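One structure below.
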Amino acid sequence: MYAALWRALPGPWWVRVLILAMLAAAVLYGLLFFVFPWVSEFVNPQEVTVTLPFPHAGSPIASPVS
């Protein structure tokens, strides 16, 4: 697939690299400014529930280290 894309692009190798860099930048721009904000409307990280397997054992992070 990448070889077919490489052969389809015009110009010498440095022009192809420049075109691919601009395409990658355009894809990242689209993801960061359009796709990810749209997806974040459906994902709510505040609705996470974490329970300990033994509720009376306490947290190992909060206990002092001897």
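The values are calculated or read from the model by the stated rules, or taken from the named source; none is laboratory data. Predicted model only: the values in this text are computed from it and were never measured. As a convention, Cβ positions derive from the backbone with ideal geometry for all residues, glycine included, and neighbour counts pool all protein chains shown.
Tell me whether the range 7-20 contains one or more residues that are under 20 Å from the mean Cα position of the chain (by Cα) and either surrounded by 10 or more Cβ atoms within 10 Å (Cβ to Cβ) or at pLDDT below 85 (or both).
Yes, the conditions are met somewhere in the range 7-20.
Would you check which residues across the range 1-44 are part of a helix (DSSP H, G or I) and among the polar types (S, T, N, Q) and list them?
40, the sole residue that qualifies.
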